[in-house]
Amino acid sequence: MTKTVLKGLVLAAALTPAIGLAQAPKSATYITDEEVKAVNATPGVDRTIKVVDIGPENFAVGVIHRAAPAGRGAAAGAGAGAGAARGTGAGTGAAAGGAAGRGAAPAAEPCGEQITAPPTGGTPGMIAHDQQTEGYLIISGSGTLVTGGKIVNGRKSPPESEVTKVLNGPSCSGMAVGADMVKKVVKTGDIIIIPANVPHGWTDITDHVDYLSFRPSARVLDAGYTNPALKK
């Protein structure tokens, strides 16, 4: 676990701009291996561990567990992209729209490029965060990470949703298309940095992939958050 911690520190340093000593908080934040495992053992896919005030920005750390789609084989993993897994994809927007017709909830707002003709050759279940850069450190398993392109006919994460308030701030989910999309197999120990507004998602997860996500942002998430699993 020592190598994982060192890689995490290097990644955090790369993602965080220099902070003046006069602005910086005076204490460090420690997240233990045991705490990461405790949060990763809770239900769900993407779980924020802590959000810390680091001076000019807030810095969040999360742990994500993605499994291959049950009963469908790894090649069918395209639907297990970030947006779909977090419940913010275009399909969710459509479901919300249906619920709105029954007076349950308003439809999600559209985002991304709106087109009439269905796109071909795109990757569904992608997500892009309006302001949140992410750095991934793969800690277990492997899968194909898809990045780049543009989201078409997407849906915004609702203002009160977990994605917006706890995980990544305002985001846009849906199918991504574009010649600049990159599909790359990543494995334990790999590091990926995904700038804000870059679509990303997962396909071809053989068994599972677990990763830490380091998220610096200009106050997108509220500092002081601690995962409920660490409050017991």
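Ordered from highest to lowest accessible area with the whole protein assembly present and a 1.4 Å probe, V185, V166 read as V185, V166. In the context of the full protein assembly, E109 retains an accessible surface of approximately 110 Å², using a probe radius of 1.4 Å and ignoring ligands and nucleic acids. Counting only heavy atoms of the protein chains and using a 1.4 Å probe, L230 has close to 40 Å² of accessible surface.
Annotation: aspartates and glutamates with alpha-carbon distance below 16 angstrom to K156 (same-chain offsets under eight excluded): E109, E113, D130. Legend: residue pairs K37/K187; K50/K183; K165/K231, Cα-Cα distance threshold 28 Å; pairs beyond threshold, K50/K183. Placing dummy labels 7 Å off each Cα toward the beta-carbon, the span from E113 to I193 is 2.7 nm.
Put a dot 7 Å past the Cα of E34, heading toward its Cβ, do the same for H208, and the two dots end up 2.1 nm apart. The accessible-area ordering, largest first, of the residues T48, T133 stands as T133, T48, per a 1.4 angstrom probe. Across the options T123, T188, S161, the greatest Cα extent toward the positive end of the charge dipole of the stretch 110-232 (unit charges at beta carbon of Lys, Arg, Asp, Glu) belongs to S161. Measuring with a 1.4 angstrom probe and ignoring ligands and nucleic acids, D180 comes out at about 100 Å² accessible.
The values are calculated or read from the model by the stated rules, or taken from the named source; none is laboratory data. The structure presented is a predicted model; accordingly, all values stated were derived computationally and were not measured. Cβ coordinates were reconstructed from backbone atoms using ideal geometry, including for glycine residues, and neighbour counts include every protein chain displayed. Calculation scope for accessible area: heavy atoms of the full protein, side chains included, ligands and nucleic acids excluded. Shrake-Rupley method; radii C 1.70, N 1.55, O 1.52, S 1.80 Å.
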